1. If we scan the range A:26-45, do we find a residue that is touching a residue at least 60 places away in the same chain (Cβ under 8 Å), in contact with a strand residue (DSSP E or B) (Cβ under 8 Å, 6 or more places away or on another chain) and within 19 Å of B:Met217 (Cα to Cα)?
2. What number of residues within the range A:251-272 satisfy the criterion of being more than 20 Å from B:Leu51 (Cβ to Cβ) and touching a helix residue (DSSP H, G or I) at 6+ places or on another chain (Cβ under 7 Å)?
3. Just give me the residues in the range B:238-252 being more than 16 Å from the chain's Cα centre (by Cα) and more than 16 Å from ligand 2 (Cβ to nearest atom), in sequence order.
4. Listed residues A:Ile119, A:Ile16, A:Ile67; which is out of contact with any Gly (no Cβ under 8 Å at 6 or more places or on another chain) and among the β-branched types (Val, Ile, Thr)?
5. Whether any residue in the range A:217-227 is away from ligand 1 (no atom under 16 Å from the Cβ), hydroxyl-bearing (Ser, Thr, Tyr) and within 14 Å of another protein chain (Cβ to nearest Cβ) is what I want to check.
6. Kindly establish whether A:Tyr32 is crowded, with 18+ Cβ neighbours inside 10 Å and on the phi < 0 side of the Ramachandran plot.
7. Between B:Thr10, B:Thr82, which is surrounded by fewer than 22 Cβ atoms within 10 Å (Cβ to Cβ), within 14 Å of another protein chain (Cβ to nearest Cβ) and within 23 Å of B:Gly190 (Cα to Cα)?
8. Quick one: count up the residues across the range B:49-74 that are under 18 Å from B:Asp95 (Cβ atoms), in a loop (DSSP other than H, G, I, E, B) and away from chain A (no Cβ under 14 Å).
Amino acid sequence: MQLNVNIAGIEFKNPIMTASGTFGSGRDFTSYVDLNKLGCVVVKGVANKAWPGNPPPRIVETYGGMINAVGLQNPGIDAFCKEDIPFLKQYDTKIAVNIAGKSIEDYVEVAQRLVSEDIDLLELNISCPNVKEGGVAFGVNPSMAEKITKAVKKVANQPLIVKLSPNVTDITEIARAAENGGADALSLINTLIGTKIDIHRQKFILSTKQGGLSGPAVKPVAVRMVYQVANAVKLPVIGMGGIMTGEDVIEFMMAGASAVAVGTANLLNPAATMNILNEVKAFLSDKSIDNINDIVGIVA
Amino acid sequence: MCETMNKSRTVCKIISNELLTDQIFEMILECPEIVNEAKPGQFVNLYCRHLGRLLPRPISVCELNKDKGHLHLIYAIMGNGTKEFSTYNAGETIDVMGPLGNGYNTDTVSDIHLIVGGGVGTPPMVELCKQLKGRKIIVVGFRDNPYLVNRLKEYGEVYVTTDDGSAGFKGNVVEFLEKKSLKGSIYACGPTPMLIGVQAYADKYNLDASLSLEERMGCGFGACVGCVTKIASNNDAGFIYKKVCKDGPVFNAKEVLFSCN
Ligand SMILES: Cc1cc2nc3c(=O)[nH]c(=O)nc-3n(C[C@H](O)[C@H](O)[C@H](O)COP(=O)(O)OP(=O)(O)OC[C@H]3O[C@@H](n4cnc5c(N)ncnc54)[C@H](O)[C@@H]3O)c2cc1C
Ligand SMILES: Cc1cc2nc3c(=O)[nH]c(=O)nc-3n(C[C@H](O)[C@H](O)[C@H](O)COP(=O)(O)O)c2cc1C
Ligand code: FES
């Protein structure tokens, strides 16, 4: 059975990746997950310098999902390079570094800092709401999305994945803009903006009022967007949003994803990626599918 | 790395699940691995069966029965998840992960240990009292109906406070500490306003105090950075956010910055 997939010239041993921000740099998972068995570890978003993140409460449960307002708390790129890259290099998996920033310069600085580091891919998180340029997120404006992709691509030494926000009218517009800017792959979806009100206290639960919805509740939206984007661009697409089982992985790949990322499921069961990988294998063998790449975009 | 072994989500058998008093239940689980490893002040994640309720409900270790491999948990019905737990029957199973977090230091040498519990912050005090050596003064506060009082009496002098005065001292635990001018090494767990009061009391009389904090959790094992609390630091901001689930839930009172501080 062939499970390996190729994303922007990087060969993964299987299509299972971790979604940024739900797996840290893998340290908290080593007792449950053999990191050597993952296609790729996508680390938590990292910025040019340390960010404190938002005040609590940062997390709230909603039906079939959760809303987070972590606010990209991270130790900054220097601490990350010193502590986390050597840790991950002990394992036989690929490493993608998710980049956060508030301005184009911030993102460029991180990509530049990573030029000589031994990592495999960059993932540009352009769905961060606090940006300098006109206060509009890069991920919801096509010309901004193109501009930032170009700027980072110019300095980047590793293939560049651009991560798309679902909080837009037409996601294919942003996808094409990232493609025009020189992206090597696209990943989607980031979280959907949502909120939850405590009706007894008559106030928002999250300190920031609203946050990002993830988990099984968002899966139908994510599968639809993966299908749309895969048909709108030539780039490989990494699908995510609510993956809990191997069957969910198959669904995303049939919609057009060349690889997938498991997010919230890691938080609910730290061994989730391993269970999901086994379920994918069982599905393929049950249906006598020899090469997982054969199902990519099969419903198109 | 082995400190986190055996902690993945496991299925445990429910030995019993009984109403203790109004809205308060005691659930006993068969889980020898967790019991062997757990310390007072640590917690476990309980997971709902309802597929819409994904996130863990963190519940503190109340008592450990190492001979039988039984874990005692005491929980209050607060919302839909704990309401669901209350319908479970003996013989059924529940998904559990733990033990999680850092518990209380039980090696502290002190003339007097001052144990302070408020509401559903009282359950962890049972195993703590069992393990702490030396003289213990136990002060527990409730809105109205006290519980666990007799179990705590096995380990020291117990004083009860209630908001409505229906049992024991009328008022809160901090008012009681002041009134009796109780001194010692403090171990506290309870609602945030109580912890703020205990912190101020410890500061005023220069007492050591360990506070067990509560925050909403996404994972319970350090992965989501959702459950943070402000901890004093000498950086520019004056604080850093630490994870209640992994760096706590027990913190030194001197380093905790409550939002009113
Ligand atoms: C470290 C720790 C130890 C705890 N120990 C105990 C204990 O021994 N006994 C006990 O009765 N309670 C304890 N709690 C509080 C308990 O976790 C909540 O009451 C419970 O999660 C509420 O779930 P629910 O579904 O009934 O409420 P809902 O309000 O319906 O829950 C919705 C979501 O909010 C979260 N949530 C709601 N209230 C709290 C809260 N106060 N703290 C953390 N998360 C919350 C839930 O986990 C869930 O994800 C503890 C909390 C923490 C953080
Ligand atoms: C707690 C949490 C933190 C996240 N942090 C990041 C992040 O730092 N960078 C990023 O690009 N996406 C982040 N995400 C989004 C996820 O990577 C993913 O796109 C989204 O959650 C959808 O997948 P899921 O439903 O499987 O979780 C985060 C999600 C969660 C739940
Ligand atoms: S609950 Fe996820 S880090 Fe504490």
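The values are calculated or read from the model by the stated rules, or taken from the named source; none is laboratory data. Here the structure is a predicted model, which is why all the values come from computation and not from measurement. Note that we place each Cβ from the backbone using ideal geometry, even for glycine, and neighbour counts take in every protein chain shown.
1. yes
2. Matching residues across the range A:251-272 total 6.
3. Listed by number, the residues that qualify are B:Gly238, B:Phe239, B:Ile240, B:Lys242.
4. A:Ile119
5. Quick first cut of the range A:217-227, residues away from ligand 1 (no atom under 16 Å from the Cβ) only: A:218-227.
If we keep only those that are hydroxyl-bearing (Ser, Thr, Tyr) too, we end up with A:227.
In the following step, the residues that additionally are within 14 Å of another protein chain (Cβ to nearest Cβ) were identified as none.
Checking the range A:217-227: not a single residue is away from ligand 1 (no atom under 16 Å from the Cβ), hydroxyl-bearing (Ser, Thr, Tyr) and within 14 Å of another protein chain (Cβ to nearest Cβ).
6. yes
7. Of the residues listed, the single one that is surrounded by fewer than 22 Cβ atoms within 10 Å (Cβ to Cβ), within 14 Å of another protein chain (Cβ to nearest Cβ) and within 23 Å of B:Gly190 (Cα to Cα) is B:Thr82.
8. Within the range B:49-74, residues that are under 18 Å from B:Asp95 (Cβ atoms), in a loop (DSSP other than H, G, I, E, B) and away from chain A (no Cβ under 14 Å) number 2.
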